[in-house]
Amino acid sequence: MTYAQRMAEAPGSTARLMDRALAVREAAMRAARGTATLDAVLAALADLVPFEVAGLSRWDEAAGRHINLTDAMPRATAGIIETELHRDPVFARIQRTREALWLSDMPRQLRRMSSVVRDIVEPSGFSEGTTQCLFTTDGRYVGVLNIGMTRPLDHLLPVRPVVAMLTDSLAAVADPLRKNDAYDQPSEPGDGGWAMTVPDSPGAPYLSVNGGLRRHLGVDGSLLSDLIRTTARSRPLPTTILVIHAQQLIEVRLIRTGTTTQAFCRPCGRPGGLSLRELQVMAELTRGLTNREIAGRLSIAVRTVATHIEHILAKLDLPNRAAAAARAAAWGLEPLQGHARGSGLRSGRMT
């Protein structure tokens, strides 16, 4: 497919955009396992971002240079990336901050500082593009994705956070130390688990994958992604939280990858023999709310809240609500930020 054709078929809706992002992720997963080529990864990426030049490079720590893994760019450009990119002061800034930089957002001062802009961007006539550093879940820098285009892509602004969401899967491709089964282990469908990639930007679309298939979470997904963003801002990562989601208690393990948070979710047992509603009330106690405030949030009677708290204290052998709140915090139990309707829990449906 030509560049003009890719431009004409650029994803317009969020659903279409996320479908194409999922295709990139699946291609990367297969490439990381050795069952697909890197050309297949770039082909899927081209459907998402209609680039003219793109390259995926691995960082060789021993040699102190990048090694190009793909050949979708001119040889001279590839040579500069291999031998000079890591010396570029602007690249060093991107690597240090772990924030992607798009060419159209680059201030003139940074452009003047960059040898890559001088030696690649300007001679090639690129008006848009990005450099995305790739980090593993344990924080190792393993490579970089470079994309270049000669035409403005203002109508593709929604693609930017989606590209950032894919850096974990591209890092798996570039990582020379990755175990063959390590990347897709958390989201295998057998244990009912799934993985979410949540960009930092509020309102940016998240990507949810269950065993390689896109998982539709509806309103619950928006609430859960908001909670993941809030937790990532307020706690050091990695960390694990518990949250009631879709009428079950799930464990959510959070790790940091560039400008996104990766969340590996799985159903888990309810501690202390507590019901889902009791756990929900217990989560609200961590916010320091009164019984009336909790009742308002959960759409239940004030007396019902008091009864739930009595049961919580009895089941966990705790002296008071402050101790219950402390126990909930120790478990990492978190309330969803929206109303109880967002969690799928309603009066008369608790177990």
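Give L279, L274, L313 a once-over and let me know the one that is buried (at least 22 other Cβ atoms within 10 Å of the Cβ) and modelled with pLDDT of 95 or more. Lay out the reasoning, then the answer.
Values: L274 fails: buried (at least 22 other Cβ atoms within 10 Å of the Cβ); L313 fails: buried (at least 22 other Cβ atoms within 10 Å of the Cβ).
The conditions single out L279.
Given the condition within 21 Å of R30 (Cα to Cα), at pLDDT 85 or above and among the hydrophobic types (A, V, I, L, M, F, W, C), answer yes or no: does some residue in segment 112-129 qualify?
Within segment 112-129, the first condition is being within 21 Å of R30 (Cα to Cα), and the residues that meet it are none.
No - not one qualifying residue is present in segment 112-129.
Please go through segment 230-247 and give me each residue that is aliphatic (A, V, I, L, M), under 18 Å from A330 (Cβ atoms) and in contact with a Gly (Cβ under 7 Å, 6 or more places away or on another chain), ordered by number.
Correct list: I241, L242.
So, A72, is that one part of a loop (DSSP other than H, G, I, E, B) and surrounded by 18 or more Cβ atoms within 10 Å (Cβ to Cβ) or not? Give the derivation first.
Numbers: part of a loop (DSSP other than H, G, I, E, B): yes; surrounded by 18 or more Cβ atoms within 10 Å (Cβ to Cβ): yes.
Yes.
Look at L45 and say whether it is modelled with pLDDT of 85 or more, assigned to a helix (DSSP H, G or I) and surrounded by 16 or more Cβ atoms within 10 Å (Cβ to Cβ).
Numbers: modelled with pLDDT of 85 or more: yes; assigned to a helix (DSSP H, G or I): yes; surrounded by 16 or more Cβ atoms within 10 Å (Cβ to Cβ): yes.
So L45 fits the description; yes.
Can you find, within segment 19-39, the residue that is surrounded by the fewest Cβ atoms within 10 Å (Cβ to Cβ) among those that are among the small types (G, A, S) and under 22 Å from the mean Cα position of the chain (by Cα)?
The initial filter retains those residues of segment 19-39 that are among the small types (G, A, S), namely 21, 23, 27-28, 31-32, 34, 36.
Those still in the list that are under 22 Å from the mean Cα position of the chain (by Cα) too: 21, 23, 27-28, 31-32.
Details: A21: 28, A23: 18, A27: 22, A28: 26, A31: 24, A32: 24.
Top of the filtered list is A23.
Going through segment 96-142 one residue at a time, which ones are assigned to a helix (DSSP H, G or I) and of a type in the set (V, I, T)? Lay out the reasoning, then the answer.
The initial filter retains those residues of segment 96-142 that are assigned to a helix (DSSP H, G or I), namely 96-97, 103-105, 108-113, 115-124.
Those that are assigned to a helix (DSSP H, G or I) and of a type in the set (V, I, T): T97, V116, V117, I120, V121.
Determine, yes or no, whether N146 is at pLDDT 85 or above and farther than 29 Å from A246 by Cβ. Give the derivation first.
Numbers: at pLDDT 85 or above: yes; farther than 29 Å from A246 by Cβ: yes.
Here the answer is yes, as N146 does meet what is asked.
Could you check I94 against (1) without any contact (Cβ under 8 Å) to a residue 60 or more places away in the chain; (2) of a type in the set (V, I, T); (3) in contact with a helix residue (DSSP H, G or I) (Cβ under 6 Å, 6 or more places away or on another chain) and say which number it fails?
I94 satisfies all of (1) without any contact (Cβ under 8 Å) to a residue 60 or more places away in the chain; (2) of a type in the set (V, I, T); (3) in contact with a helix residue (DSSP H, G or I) (Cβ under 6 Å, 6 or more places away or on another chain) except (3).
Modelled with pLDDT under 95, touching a strand residue (DSSP E or B) at 6+ places or on another chain (Cβ under 7 Å), surrounded by fewer than 17 Cβ atoms within 10 Å (Cβ to Cβ) and within 30 Å of V209 (Cβ to Cβ) - does that describe any residue in segment 333-348?
Scanning segment 333-348, I find no residue that is modelled with pLDDT under 95, touching a strand residue (DSSP E or B) at 6+ places or on another chain (Cβ under 7 Å), surrounded by fewer than 17 Cβ atoms within 10 Å (Cβ to Cβ) and within 30 Å of V209 (Cβ to Cβ), so the answer is no.
The values are calculated or read from the model by the stated rules, or taken from the named source; none is laboratory data. Every value quoted in this text rests on a predicted model; they were computed, and no experiment measured them. We place every Cβ from the backbone using ideal geometry, glycine too, and count neighbours over all the protein chains shown.
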